[in-house]
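What follows is calculated from the coordinates using simple rules that are stated; it is not laboratory data. In this text the structure is predicted, and so the values were computed from the model without any measurement. With ideal geometry, Cβ positions are generated from the backbone for all residues, glycine too; neighbour counts draw on all protein chains shown.
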Amino acid sequence: MPDEQMAGAGSAPAPPGGAPGTPGAPGVPPVAPRPLDPIDRSIMRLLQADGRASIRSVAEQVHVSRANAYARINRLIDDGVIRGFTARVNHERAGQGASAYITLKIVQNSWRTVREQLRELPGAAHIALVSGDFDVLLLVHTPDNRTLRELVLTRLQAIPEVLSTRTLLVFEETDLLDTGPGPGAGAPAIAEE
């Protein structure tokens, strides 16, 4: 990983289950996670705020050497604590002006089948199996309400295992990781040497 830029910045997270031979991959028993210390947690917070931060910048901010920061970040990646690096998108500015949380009640024991079908939905951003009055919580972003209506009435309700849905329109949202002006929130950061 070069000092100037985080390895994998802009790359997609590893596929579910991990790469072959890694914990979580089929046939490999899960490994108990290593405990995280305050420096690991600080590194995670910094990278959540700016996934493009340089190793040098991270090291300076958590008061460790670049080699130590590099090793810690790689360990966090190898342990599956950091699953990848991505861009936080303003969905409205990206042409996805309608957002909704959709709750679903599904046929018992059909979670894996339903999850795979939900992954294929255009605009699906987050899928969670939950407890309570419904079984699944789905976050979607669509260009407009007409497209959202079509997604719910045509695509979701056509899934045989989906018993019912309820759509909650998002009027406004706040990204809690948004750090305001500066690298990671505005223009792309230029890594320092």
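Computed values, structure above
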quantity: Within-11-Å neighbourhood charge of ALA124 [Cβ basis; K, R +1; D, E -1]; calculated: +2
quantity: About the Cα centre, charge dipole magnitude for segment 42-109 (Lys/Arg +1, Asp/Glu -1 at Cβ), debye; calculated: 20 debye
quantity: Cα shape, segment 36-185, gyration tensor, a/c 1.5 rule; calculated: prolate
quantity: Residues whose placed amide H lies under 5 Å from that of ALA98, excluding near-sequence neighbours; calculated: THR142, ASP144
quantity: Geometric extent, Cα atoms of segment 52-112 - Rg, Dmax (angstrom); calculated: 19.2, 53
